[in-house]
Amino acid sequence: MNTIVSGKMFEMAKKVIPGGVNSPVRACRSVGCDPVFIQKAKGSKIYDVDGNEYIDFVCSWGPMIHGHAPDDIVSAVKASAGDSTSFGAPTTKEMALATMVVEAIPSIEKVRFVNSGTEATMSAVRLARGYTGKDVIVKFDGCYHGHADSFLVKAGSGVVTLGIPGSPGVPEDIVKNTVSIPYNDDAVLEKTLREKSDTIACVIVEPVAGNMGCVPPSATFLTKLRTLTAELGIILIFDEVITGFRLAYGGAQEYFNITPDLTCLGKIIGGGLPVGAYGGKAEIMDQIAPDGPVYQAGTLSGNPLAMAAGIANLKLLQRPDFYSDLNEKAAFLADGLNRSAESTGVSITLNRVGSFMTGFFVGTPVTDFNSAMESDTERYGIHYRQMLSKGIYLAPSQFEVAFVSAAHSWEDLEKSIKMTEWSFKKLTEK
Ligand code: KE4
């Protein structure tokens, strides 16, 4: 695989952008190679500046559930751009997308659009604090809710990928109000919430963790969380930036039949353009300015092009059998990966929920951050580079997930399984 032009671009980029990237995980530091620079993509394929073609399982970290550049989304964005790219004023498009979100997710009576998942979670936490008058927030080790100060405590995604304990620049005064406890540990959850309920404003959780790799909730975890927070007057926030419109049209809360008080969205609702959102009960959302005293704002919130892309993306999700078809493809891929591990003797724990999954290079169950950290990240790095050389584009971190899109063909999946078996076999020869 010739990546000469990518190498030159990376050297140039590093002169003007920190690390040569606009988001740390893209630097591929944990997988021992330099990133390829992407030129274009269509459907399940992504093409780098050297003209190499890859089957894409990053899918822009989730938004590309239909694959890249679906005609409906491209035409919607092009049409909107001709009417100007931003007004900073109310538009019917943002009302239309808000209505689609409210109709899709019953727990959301009102929703506010922002420009990223980070803004969504940051705003939801501020709202929970303003609504309850309490300051402490509870998160879970290995979960990632974006890079707002309050969340950079034992966070996942790029924080765990780069081995950063938290982050310099985040004052102790801020993180003293953030309590991070183990995911899927009902006993610690109950003890923590009962002991501190008079100071806890909210619990924020990824209903399926996707930022320590894919870690599903245990059979009791979400129910325990909902029961305790309701009993103790604590706001329950589902961070559905990954799972929203991914696990079901109504998100993880439909998939698991658990109703949070507030929900954060992102990724899919923007169709690849910058969109985040937070929403929930009108009684709580009405505390947000201008109706209420909790302030949150944004120049480009509700941007017309982003709204047009989001509307088109969600409309495509409404096709009958969309999710059953998507999950059938994901199950086929997962089964193939497991068969490859068995046939080559490579120890893999594969966690999958719906259409996203992670193969952890470890032989024991992965149910939380500590067990995820048992993974052989060096072996993942070798696998990543081997797969890239064969035209398979995986997440450049053991602690991220692979997404299947509706654009992945059966041939794509069969090739990916075949290359996985080849890579695993090479790993056993090392
Ligand atoms: P953004 O601010 O990156 O749009 O969203 C933050 C966020 C919030 N909540 C969850 C559950 C998330 O997964 C994310 C962001 N996801 C990572 C990948 N796992 C973004 C990739 C990156 O940081 O480059």
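For region 71-167, the Cα-based Rg and Dmax, in that order, read 17.6, 47 Å.
Evaluate the relative contact order of region 177-227 (contact order divided by residue number), counting alpha-carbon pairs under 8 angstrom at least 6 apart; express in whole percent. After rounding, I find 36 percent. Scattering from region 260-343 was approximated by placing one identical point on each alpha carbon and applying the Debye formula without solvent; log10 I(q)/I(0) at 0.12, 0.13 1/Å stands at -0.59, -0.66.
Simple spin-label estimate for Ala96 and Asp198 gives 5.2 nm between the two label positions (7 Å along the Cα-to-Cβ direction from each Cα). Pairs of lysines in region 14-110 whose Cα atoms sit within less than 26 Å of one another amount to 8, provided the residues are eight or more positions apart or on different chains. Across region 71-317, Cα pairs under 8 Å and at least six residues apart give a relative contact order of 31 percent.
The per residue volume of the convex hull around the alpha-carbon atoms of the chain is 140 Å³. Straight-line reach from Lys191: taking Cα to Cα under 17 Å and skipping same-chain neighbours fewer than 8 places apart, the aspartates and glutamates in range are Asp141, Glu231.
Computed from the alpha carbon atoms alone, the convex hull of region 366-422 holds 97 Å³ per residue.
In whole Å, what three semi-axes, largest first, describe the equivalent ellipsoid of region 330-430 built from its Cα gyration tensor (square root of 5 times each eigenvalue)? Equivalent ellipsoid semi-axes, largest first: 19, 16, 13 Å. Exposure proxy ranking for Asp185, Asp173, based on other Cβ atoms within 10 angstrom of each Cβ and starting from the fewest, stands as Asp173, Asp185. The length gained on full extension between Ser75 and Glu429, counted as 0.36 nm times the residue separation minus their Cα-Cα distance, comes to 122.5 nm.
For the pair Ser218 and Ala230, label points projected 7 Å from Cα toward Cβ lie 2.1 nm apart. Counting beta carbons within 10 Å around each of Tyr323, Tyr384, Tyr295, Tyr144 and listing the fewest first gives the order Tyr295, Tyr323, Tyr384, Tyr144. Cβ crowding within 10 Å, taken as a proxy for footprinting-reagent exposure, orders Met419, Met212, Met95, Met357 from fewest neighbours to most as Met95, Met419, Met357, Met212.
For region 71-317, the Cα-based Rg and Dmax, in that order, read 17.6, 56 Å. For region 127-240, the ratio of Cα radius of gyration to the globular rule of thumb 2.2 N^0.38 Å stands at 1.00. Summarising the strand pairing of the chain, around 60 percent of its internal DSSP beta bridges are antiparallel. Only Cα pairs under 8 Å and 6+ residues apart enter the sum, and on that basis the relative contact order of the chain stands at 23 percent.
Here the calculated FRET efficiency for Lys315 and Phe87, from their Cβ-Cβ distance with R0 = 25 Å, stands at 0.65, rounded to the nearest 0.05. Whole-percent P(r), region 1-155, all Cα pairs, 10 Å bins from 0: 8, 23, 32, 27, 10, 1.
Computed from point charges on the beta carbon alone (+1 for Lys and Arg, -1 for Asp and Glu), the dipole magnitude for the chain about its Cα centre is near 780 Debye. In terms of its Cα atoms, region 1-59 spans 31, 20, 19 Å along the principal axes, sorted from long to short. Label positions at Glu11 and Glu283, each projected 7 Å from the Cα along the C-beta direction, are separated by 6.3 nm.
A short reminder: the numbers here are calculations on the coordinates, not readings from a lab. Keep in mind it's a predicted model, so treat the numbers as computed, not measured. In this analysis, Cβ positions are derived from the backbone assuming ideal geometry, glycine residues included, and neighbour counts consider all displayed protein chains.
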